[in-house]
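Scroll down for the structure; my scribbles are underneath it.
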Amino acid sequence: MAGLALEGIRVIDCSISWATPLATSILGDMGAEVIKVESIQRLDVWRTASPLRVNEDGWWERSPNWNTVNRNKLGITLDLTSSRGAELFKRLIKIGDLVMENYTPRVMANFGLDYPILKEVNPTIVMISMPGWGMTGPWRDYTGFAPSVEQMSGMPQLVGYLDGSPLMHGLGLALADPVAGLYGAFAAAIALKQRRRTGHGQYLDLAQNEALSCIIGDAIMDFTLNKRVQGRRGNRHPFMAPHGCYRCAGQDNYIAIAISSDKQWASFVQAIGGPAWCKDDRFTNSMGRLANQDELDKLIEEWTIGHGDCEVMHLLQRAGVAAAPVLSPPAMLEEPNLKERGFWEWIDRAEIGPGPYPGILPRMSKTPGTLRLPAPTLGQHNDYVLGELLGLTREEIAALAEEQVIGTRPLL
């Protein structure tokens with residue numbers, strides 16, 4: 001078996017929150033050496049993104065948000081506002097292959113560490129910037145987090161309850177971040193491939209709101225071609241009916257059912273025993289079911305509520321009908337298919353102990369990724385990176401700590 005797919009690639013991760021850290025964690029999963037650069041002066045907001053007991057020592061290490069997307073990384077601290085910190089960052093760039101960041105455009109320039117400068121340090125460096133609005137345009141310097149980025153993407157106008165207001169987070173979560181993160185990992189792989197082929201680095205501008213806008217192309221084209229503005233439809237679908245989540249037996253249990261054709265409807269009817277209401281003329285064809293979804297959903301739920309969610313799934317799936325229970329996070333940990341495939345992998349980490357983490361995607365047969373490292377504690381690898389990789393002496397590292405250029409505790 002060959003080594004890891006990205007073995008030998010060194011990534012300098014100068015990012016915060018979710019989008020870019022997700023991209024770099026994917027690269028780390030596939031074997032890249034990822035060096036996460038933080039500072040003790042200003043914590044990554046993802047370290048403080050969950051309800052934490054800030055009066056407890058080490059609370060900044062216990063954020064589930066931060067731990068999830070910073071696995072397989074080495075962690076150092078550098079005050080990039082200081083000349084010494086900026087100098088050490090440039091020395092990292094000199095031995096790096098890729099640097100990724102997601103600050104507003106002015107930040108790296110204010111540090112004196114934007115692409116024109118880093119390119120002088122290492123002409124082959126690949127740099128990817130992932131701000132909310134892009135590196136050009138009239139909004140380039142506007143602050144962008146998922147709530148604002150998403151609103152400008154067009155998606156929230158399509159996501160929400162029927163006749164309701166747009167949801168602050170598309171699909172109930174900050175969708176802009178993971179979508180941009182996946183695009184970021186993809187962009188990095190392409191740029192590194194080009195670098196290997198030509199020997200030249202390059203600069204990539206990846207706007208997070210544009211990344212999210214890319215996945216609603218159908219709605220844009222629907223307006224362009226048909227002058228039709230798609231609206232919010234809850235769990236409904238433009239042409240599938242039934243299509244929704246239905247209550248099952250027990251507390252807060254639901255089953256998702258999606259039927260795309262009259263043939264699947266006939267299979268559904270047979271699977272549930274062919275009750276009389278299924279023969280109603282309103283439901284015998286797809287157009288009728290679409291026009292009468294309110295009544296149809298009530299009748300289906302009268303049947304599903306008498307059965308367990310997994311029971312309904314197996315019954316309908318055996319009949320060729322798409323159905324799956326709506327799982328909670330605790331239920332996912334016990335879900336047999338994920339268990340048998342070994343999706344959850346356990347990592348033991350300082351300050352929080354052992355726990356299950358989502359596994360590696362994709363599953364590559366010859367160069368599979370691995371979960372090698374838990375998310376680093378603040379400044380955990382200062383000695384290794386600054387000492388072994390950059391050649392600083394113990395006395396120099398101690399002096400940096402004394403001057404608060406580096407550290408292992410936040411200045412709060």
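Every read-out reported here was derived from the displayed coordinates using simple, explicitly stated rules and does not represent laboratory data. Since the model is a prediction, treat every value here as computed from it, not as a measurement. Every residue, glycine as well, gets a Cβ built from its backbone with ideal geometry; the counts of neighbours run over all protein chains shown.
Segment 68-135: D in µm²/s via Stokes-Einstein (Kirkwood Rh, Cα pairs, 20 °C, 1.002 mPa s)? All intermediate terms of the calculation are to be shown ahead of the outcome.
Values: Rh = 12.8 Å.
Translational diffusion coefficient: 168 µm²/s.
Residues of segment 217-250 with the amide nitrogen closer than 16 Å to a label point 7 Å from the Cα of ILE305, along Cα-to-Cβ, please.
245-250
State the answer as a single residue: which of VAL69, SER148, PRO131 lies farthest towards the positive end of the charge dipole of the chain, with beta carbon charges of +1 for Lys and Arg and -1 for Asp and Glu, about the Cα centre.
Of the listed residues, the answer is PRO131.
Does segment 306-396 come out rounded, prolate or oblate by the C-alpha gyration tensor, with a ≥ b ≥ c the root eigenvalues, rounded set by a/c under 1.5 and, if not, prolate when a/b is larger than b/c and oblate if not?
prolate
Taking a point 7 angstrom from the Cα of TYR142 along the C-beta vector, which residues in segment 206-223 have backbone N less than 18 Å away?
Residues passing the 18 Å test: 206-214.
Over segment 173-313, what relative contact order in percent results from Cα pairs under 8 Å that are six or more residues apart?
This gives 20 percent for segment 173-313.
Per 20 Å bin from zero, what fraction in whole % of the C-alpha pairs of the chain is there, up to the bin with the longest pair?
Using 20 Å bins, I get a P(r) of 22, 48, 25, 5, 0 for the chain.
Springs between alpha-carbon atoms under 10 Å, Gaussian network over the chain: tell me which of ILE300, ILE215, ILE35 tops the mean-square fluctuations.
The residue with the greatest mean-square fluctuation here is ILE300.
Multiply the residue separation of ALA324 and LEU371 by 0.36 nm, subtract the distance between their alpha-carbon atoms, and state the gained length in nm to one decimal.
Separation in residues times 0.36 nm, less the Cα-Cα distance, equals 14.0 nm.
Please work out the C-alpha center-to-center distance from segment 78-141 to segment 201-265 and express it in whole Å.
Each part's Cα centre sits 37 Å from the other's.
When the chain is modelled as a GNM with alpha-carbon springs shorter than 10 Å, which of GLN41, GLN270, GLN151 fluctuates the most?
Maximum fluctuation in the GNM of the chain, among the listed residues, is at GLN270.
Can you pull a Stokes-Einstein diffusion coefficient for segment 253-327 at 25 °C (0.890 mPa s), Rh from Kirkwood over Cα pairs, as a whole number of µm²/s?
The diffusion coefficient I find is 197 µm²/s.
Defining a contact as two alpha carbons under 8 Å apart and six or more residues distant in sequence, what relative contact order in percent does segment 253-327 show?
On the way: 68 pairs, mean separation 39.8, N = 75.
Reported relative contact order: 53 percent.
With springs only between Cα atoms under 10 Å apart, run a GNM on the chain and tell me which of ASP348, ASP383, ASP281 wobbles the most.
Looking only at ASP348, ASP383, ASP281, the largest GNM fluctuation is found for ASP281.
Classify segment 4-88 as rounded, prolate or oblate from the Cα gyration tensor: take a ≥ b ≥ c as the square roots of its eigenvalues, call it rounded if a/c is under 1.5, otherwise prolate when a/b beats b/c and oblate if not.
oblate
Taking the Cα centre of the chain as the origin and placing charges on Cβ (Lys, Arg +1; Asp, Glu -1), which of ALA399, GLY181, ALA350 is farthest toward the positive end of the dipole?
Among ALA399, GLY181, ALA350, the one farthest towards the positive end of the dipole of the chain is GLY181.
What FRET efficiency, computed as 1/(1 + (r/R0)^6) with R0 = 56 Å and r the Cβ-Cβ distance, is obtained for ALA398 and ASN337, rounded to the nearest 0.05?
Efficiency, rounded to the nearest 0.05: 0.60.
Neighbouring Cβ atoms within 10 Å as the yardstick, rank ASP252, ASP205, ASP309 fewest first.
Starting with the residue having the fewest Cβ neighbours, the order is ASP252, ASP205, ASP309.
Shape of segment 1-149 from its Cα gyration tensor (a ≥ b ≥ c, root eigenvalues): rounded if a/c is under 1.5, otherwise prolate when a/b > b/c, or oblate?
rounded
Hey, what number do you get for the chain at 222 nm if only DSSP H runs of n ≥ 4 count, each worth -39500 (n - 2.57), divided across all residues, to the nearest 500?
Mean residue ellipticity at 222 nm (helix-derived): -10000 deg cm²/dmol.
So how far apart, in nm, are the two label points at ASP281 and GLU345 if each is 7 Å from Cα heading toward Cβ?
Taking the simple label geometry, ASP281 and GLU345 are separated by 6.0 nm.
Using the structure shown, list the pairs from LYS94/LYS366; LYS36/LYS119; LYS227/LYS279; LYS193/LYS366 with a Cα-Cα distance above 27 Å, or answer none.
Too far apart for the 27 Å limit: LYS94/LYS366; LYS227/LYS279.
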